[in-house]
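Report on one structure; see the data block that follows.
The values are calculated or read from the model by the stated rules, or taken from the named source; none is laboratory data. Bear in mind the structure is a predicted one, so any value in this text is a computation, not a measurement. Neighbour counts run over all protein chains shown; Cβ positions are idealised from the backbone, glycine included.
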Protein chains: 2
Amino acid sequence: MRIACQQFAPEIAAFDVNRAASSQRIRAAVGQGAELVVLPELTTSGYVFSSREEAASVAIPVDHPLFAEWAAEIAEAPGGRGLVIGGFCELGASGALYNSAAVVSGEGLVAVYRKTHLWDREKLFFEPGSDPPPVIETVAGRIGVAICYDLEFPELTRSLALRGAELVAVPTNWPLVPRPGNEHPPEVVIAMAAARTNRMFIACCDRSGTERGQRWTQGTAIIDCDGWVIARADAGAAVADVELSRAREKRLTALADALGDRRPELYGDLVREIPWGG
Amino acid sequence: MRIACQQFAPEIAAFDVNRAASSQRIRAAVGQGAELVVLPELTTSGYVFSSREEAASVAIPVDHPLFAEWAAEIAEAPGGRGLVIGGFCELGASGALYNSAAVVSGEGLVAVYRKTHLWDREKLFFEPGSDPPPVIETVAGRIGVAICYDLEFPELTRSLALRGAELVAVPTNWPLVPRPGNEHPPEVVIAMAAARTNRMFIACCDRSGTERGQRWTQGTAIIDCDGWVIARADAGAAVADVELSRAREKRLTALADALGDRRPELYGDLVREIPWGG
């Protein structure tokens, strides 16, 4: 399966511009033979909203024609089995806003995931999702979804692996933070560890540009199931060919197994609402 | 608090040699002002046993005088508040063997942790521990323990953080595995991610040498609560001065909190005995 993460710069509060740009990026990826196209978080809206009203002005419901446009582009993917996973600003039926990711096949919208771990000021604009992320069964393998800050909760990536995800697609907007010069961005280190401890692939699609003074890490990375970065954004896209079935093998040696060696009876603290240190 | 991880090469099945070497390493670390001294996994026995009988021949009970010797050495630490955390091959009351870590203060043995995630052939020699690792309250801060492969279970490091650990000491024996030339050892990447996602320090003490053909990574690393490596083994020891209280701050921004933003109601899968993909 060829994966393309299309790192680009959505424009704040400019839905029509982003609508055209996102479809164009899917087309370009398909033109390079991609079957799985990952777009950044909040692709259709930009990120640094000045108010909830501004976010609402570019929010779209799940029956918006944008997804049919994405479907028409990805329908051209090799073998007719392409998938797009991209972030958008969702308008819920009740008027609530969500930081969501759409999963779109050549047939149309397959699933929507509403980010469950909201970062910082997102809490002022969005409601957190109440459902765990989907794991989509495809011909090429099982694909899970997470959005940006979700990745910093190892419980979430682990639970995706336990539910059979062989690859996790991660639309993201990573604000640039300090790091030692010889190191990966910290979010990439976290993704590498999640990939290795769970023996699954992770494809993170970051955004680029500077928005209202906010610089972005531009850290797009495709990580293999051994935990190593196999593609970074180069001229905007990170592209890699992967064999998802490798992620079905959780054995590390004849006597060790990354998931089978878990001790769930010792992990009860993780699902209780306890204050840390309590 | 000054931490010293004393990376050295225990000798297989040579208890007396290792007993002397371990005490000497504690003395050397204390001579450099260390208050927390971390020793490798199975410091007293070596690792590559040819049989369970060989492991049993160097196993010791928790009332063995070795721990009084370690206590006498660490009692000389600055302020009289030193702590040693080191691996040993434990002989249980019933004759069972455990891959254990001892926590020893100037007063004597404070706690024993029996490794709960046994790696590969360890399963042929050892029983897995049935209790979660301890978190020790000290004047300098709260210190948790894990052993080697335990670290590859993010549930374990997370649960230590939730129980208030500000630093996790990790006696380890990391077999050398392939990695890209510009990368940290994979176990260090995993420790970096655990340190950053939990906002806690992690001090891993690996071993050195080659034992019965097995090469070791020699990847000893002290990692700060931002997830960056601040000391590696240099002439056998990694030494760093850390302020453990930094790990009490879990806020990432005014509106984001590394532990407070968890969604425990979504993590139920982690504590159920389900086959992966099931």
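For the reader, a short list of remarks on this structure follows.
- Within region A:204-222, considering residues that are part of a loop (DSSP other than H, G, I, E, B) and among the basic types (Lys, Arg), the one surrounded by the fewest Cβ atoms within 10 Å (Cβ to Cβ): A:Arg212
- Evaluation of A:Leu124 against the conditions (1) part of a helix (DSSP H, G or I); (2) of a type outside the set (S, T, N, Q); (3) within 20 Å of B:Arg199 (Cβ to Cβ); (4) in contact (Cβ under 8 Å) with a residue 40 or more places away in the chain shows that the sole unmet condition is (3).
- Subset of region A:177-199 (residues that are part of a loop (DSSP other than H, G, I, E, B) and in contact (Cβ under 8 Å) with a residue 12 or more places away in the chain): A:Val177, A:His184, A:Pro185, A:Arg199
- Residue within region A:223-246 that is crowded, with 18+ Cβ neighbours inside 10 Å, touching a residue at least 60 places away in the same chain (Cβ under 8 Å), in contact with a Cys (Cβ under 6 Å, 6 or more places away or on another chain) and more than 27 Å from B:Pro185 (Cβ to Cβ) present: no
- Inspection of region B:125-148 identifies no residue that is charged (D, E, K, R), under 24 Å from A:Thr253 (Cβ atoms) and within 9 Å of chain A (Cβ to nearest Cβ).
- Members of region B:236-252 that are in a loop (DSSP other than H, G, I, E, B) and either within 24 Å of B:Asp206 (Cβ to Cβ) or more than 14 Å from chain A (Cβ to nearest Cβ) (or both): B:Gly236, B:Val242, B:Glu243
- Residue in region B:257-276 that is at the interface with chain A (Cβ under 10 Å from one of its Cβ atoms), under 19 Å from A:Asn182 (Cα atoms) and touching a Pro at 6+ places or on another chain (Cβ under 6 Å) present: no
- Region A:163-176 - residue that is over 16 Å from A:Leu244 (Cβ atoms) and not in a loop (DSSP other than H, G, I, E, B) and, of those, farthest from the other protein chains (Cβ to nearest Cβ): A:Pro171
- A:Gly181 meets each of the listed conditions (1) at pLDDT below 95; (2) surrounded by 19 or more Cβ atoms within 10 Å (Cβ to Cβ) apart from (2).
Residue by residue, here is whether (1) buried (at least 24 other Cβ atoms within 10 Å of the Cβ); (2) aromatic (Phe, Trp, Tyr); (3) in contact with a strand residue (DSSP E or B) (Cβ under 7 Å, 6 or more places away or on another chain); (4) on the phi > 0 side of the Ramachandran plot holds:
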residue: B:Ile147; (1), (2), (3), (4): yes, no, yes, no
residue: B:Asp150; (1), (2), (3), (4): yes, no, no, no
residue: B:Pro185; (1), (2), (3), (4): no, no, no, no
residue: B:Ile190; (1), (2), (3), (4): yes, no, no, no
residue: B:Ala195; (1), (2), (3), (4): yes, no, yes, no
residue: B:Ile202; (1), (2), (3), (4): yes, no, yes, no
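- The one condition in (1) aliphatic (A, V, I, L, M); (2) more than 25 Å from A:His184 (Cβ to Cβ); (3) in contact with an Asp or Glu (Cβ under 7 Å, 6 or more places away or on another chain) that A:Ala254 fails to fulfil: (3)
- Residue in region B:247-266 that is modelled with pLDDT under 95 and either basic (Lys, Arg) or touching a strand residue (DSSP E or B) at 6+ places or on another chain (Cβ under 7 Å) (or both) present: no
- In region B:111-142, the residues that are among the hydroxyl-bearing types (Ser, Thr, Tyr) and over 19 Å from B:Val62 (Cβ atoms): B:Thr138
- Given (1) touching a strand residue (DSSP E or B) at 6+ places or on another chain (Cβ under 7 Å); (2) surrounded by 17 or more Cβ atoms within 10 Å (Cβ to Cβ), number of the condition A:Glu73 does not satisfy: (1)
Yes/no per residue for (1) out of contact with any Asp or Glu (no Cβ under 8 Å at 6 or more places or on another chain); (2) surrounded by fewer than 23 Cβ atoms within 10 Å (Cβ to Cβ); (3) of a type in the set (Val, Ile, Thr); (4) farther than 18 Å from A:Glu122 by Cβ:
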{"site": "A:Met1", "(1), (2), (3), (4)": "no, no, no, yes"}
{"site": "A:Asp16", "(1), (2), (3), (4)": "yes, yes, no, yes"}
{"site": "A:Ala20", "(1), (2), (3), (4)": "yes, yes, no, yes"}
{"site": "A:Arg27", "(1), (2), (3), (4)": "no, yes, no, yes"}
{"site": "A:Ser50", "(1), (2), (3), (4)": "yes, yes, no, no"}
{"site": "A:Glu53", "(1), (2), (3), (4)": "yes, yes, no, no"}
{"site": "A:Ile60", "(1), (2), (3), (4)": "no, yes, yes, no"}
{"site": "A:Ile85", "(1), (2), (3), (4)": "yes, no, yes, yes"}
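- Taking every residue in region B:200-221 that is in contact (Cβ under 8 Å) with a residue 40 or more places away in the chain and closer than 11 Å to B:Arg232 by Cβ and pairing it with any residue that is of a type in the set (Ser, Thr, Tyr) and in a loop (DSSP other than H, G, I, E, B), at least 6 positions away or on another chain, the pairs with Cβ-Cβ distances below 7 Å are B:Cys204/B:Thr172; B:Cys204/B:Thr220; B:Asp206/B:Thr172; B:Asp206/B:Thr217; B:Asp206/B:Thr220; B:Gln218/B:Ser208.
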